[in-house]
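Asker: Handing you this structure, nothing more for now.
The values are calculated or read from the model by the stated rules, or taken from the named source; none is laboratory data. Everything numeric in this text was worked out from a predicted model, so none of it was measured. With ideal geometry, Cβ positions are generated from the backbone for all residues, glycine too; neighbour counts draw on all protein chains shown. What goes into the accessible areas is simple: the full protein's heavy atoms, side chains included, and nothing from ligands, DNA or RNA. Shrake-Rupley method; radii C 1.70, N 1.55, O 1.52, S 1.80 Å.
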Amino acid sequence: MPNYGDPEYWEKRYEEQKGKTYDWLEDYESLGPIIKQLISQDANILILGCGNAELSEEMYNDGFTNIKNIDISTAVIQQMKDRNIDKPNMTWTVMNVMDIKFPNNHFDLAIDKSTIDALLCGDDAFINVAKMTKEVQRVLKIGGVYMAISYGIPDTRLEHFNWKHLHWEVSYQTINPETESSHYVYLCRKKQGADEICEENWEEVELSLTENKTE
């Protein structure tokens with residue numbers, strides 16, 4: 001099985017896939033109705049680990065034009081930037097989801113389409129996911145939503161949305177339930193006081209997860 005948590009794997013994969021697109025798990029046809037319930041068309045949107053998916057292109061064409069796409073792969077960001085040169089309000093930036101270079105309380109919606117799954121397949125999985133959720137919560141506005149689309153069942157994913165540094169209202173729904181292609185959409189809405197709670201508890205969470213990975 002490939003190491004989906006390894007940035008070098010993705011760089012090589014996207015170099016080999018130049019000119020192609022691929023949507024992990026779900027596309028805009030299935031996710032659009034959920035997105036439209038969460039935000040208005042003038043919302044600020046962050047796509048985490050955008051890859052070469054067509055999701056943000058289709059959102060843009062449907063009126064959601066304030067989109068920031070980030071990915072750790074230099075190759076795929078350049079490919080998608082070239083591909084979408086006709087969409088001036090949408091940006092593509094090389095960036096690590098564990099170190100997001102955007103200001104606090106900036107986005108209305110952050111979409112993660114299997115990025116959490118990729119991190120959980122790599123080394124230091126739990127602490128890396130915790131770092132990502134810490135950053136995502138930070139850049140979301142109060143009331144903003146982290147939308148994680150995953151193949152992981154609630155028993156294996158909800159714990160990652162409930163660490164002590166996080167303070168959001170969590171719900172989920174299933175797409176194609178009771179089929180082999182079922183996927184889960186986790187919705188984490190940032191609550192008042194989240195930034196303060198993260199500041200108070202992050203050191204404890206980081207220490208706990210760092211100690212656990214070395215045992």
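Asker: Looking only at segment 162-203, count every residue that is touching a residue at least 60 places away in the same chain (Cβ under 8 Å) and out of contact with any strand residue (DSSP E or B) (no Cβ under 6 Å at 6 or more places or on another chain) and tell me the total. Give the derivation first.
Answerer: Pass one, segment 162-203, residues touching a residue at least 60 places away in the same chain (Cβ under 8 Å): 173, 175, 183, 185, 187, 195, 198, 202.
With out of contact with any strand residue (DSSP E or B) (no Cβ under 6 Å at 6 or more places or on another chain) added as a condition, the list becomes 195, 198, 202.
Residues meeting the conditions: 3.
Asker: Out of the residues in segment 157-215 that are at pLDDT 95 or above and hydroxyl-bearing (Ser, Thr, Tyr), state the one that is most open to solvent (accessible area, probe 1.4 Å).
Answerer: TYR172
Asker: Looking at ASP112, is it out of contact with any helix residue (DSSP H, G or I) (no Cβ under 7 Å at 6 or more places or on another chain), buried (at least 20 other Cβ atoms within 10 Å of the Cβ) and outside any helix (DSSP H, G or I)?
Answerer: Working: out of contact with any helix residue (DSSP H, G or I) (no Cβ under 7 Å at 6 or more places or on another chain): yes; buried (at least 20 other Cβ atoms within 10 Å of the Cβ): yes; outside any helix (DSSP H, G or I): yes.
Yes; evaluated as a whole, the condition is true for this residue.
Asker: Tally up the residues in segment 26-35 that are assigned to a loop (DSSP other than H, G, I, E, B), touching a helix residue (DSSP H, G or I) at 6+ places or on another chain (Cβ under 8 Å) and touching a residue at least 40 places away in the same chain (Cβ under 8 Å), please. Full working, then the answer.
Answerer: Taking segment 26-35 first, the residues assigned to a loop (DSSP other than H, G, I, E, B) are 26-27.
So of that shortlist, the ones also touching a helix residue (DSSP H, G or I) at 6+ places or on another chain (Cβ under 8 Å) come out as 27.
Checking which are touching a residue at least 40 places away in the same chain (Cβ under 8 Å) leaves us with none.
Residues that pass the stated criteria total 0.
Asker: Can we say MET90 is closer than 17 Å to LEU46 by Cα, of a type outside the set (Asp, Glu) and within 16 Å of the chain's Cα centre (by Cα)? Spell out the reasoning first.
Answerer: Details: closer than 17 Å to LEU46 by Cα: yes; of a type outside the set (Asp, Glu): yes; within 16 Å of the chain's Cα centre (by Cα): no.
Criteria not met by MET90.
Asker: Closer than 27 Å to ALA75 by Cα and under 15 Å from the mean Cα position of the chain (by Cα): is that true of LYS190 in this structure? Reasoning before the result, please.
Answerer: Numbers: closer than 27 Å to ALA75 by Cα: no; under 15 Å from the mean Cα position of the chain (by Cα): yes.
No; evaluated as a whole, the condition is false for this residue.
Asker: Same structure again: Please go through segment 125-180 and pick out each residue that is within 22 Å of ILE39 (Cβ to Cβ) and of a type in the set (Phe, Trp, Tyr).
Answerer: Passing the criteria: TYR146, PHE161, TRP168, TYR172.
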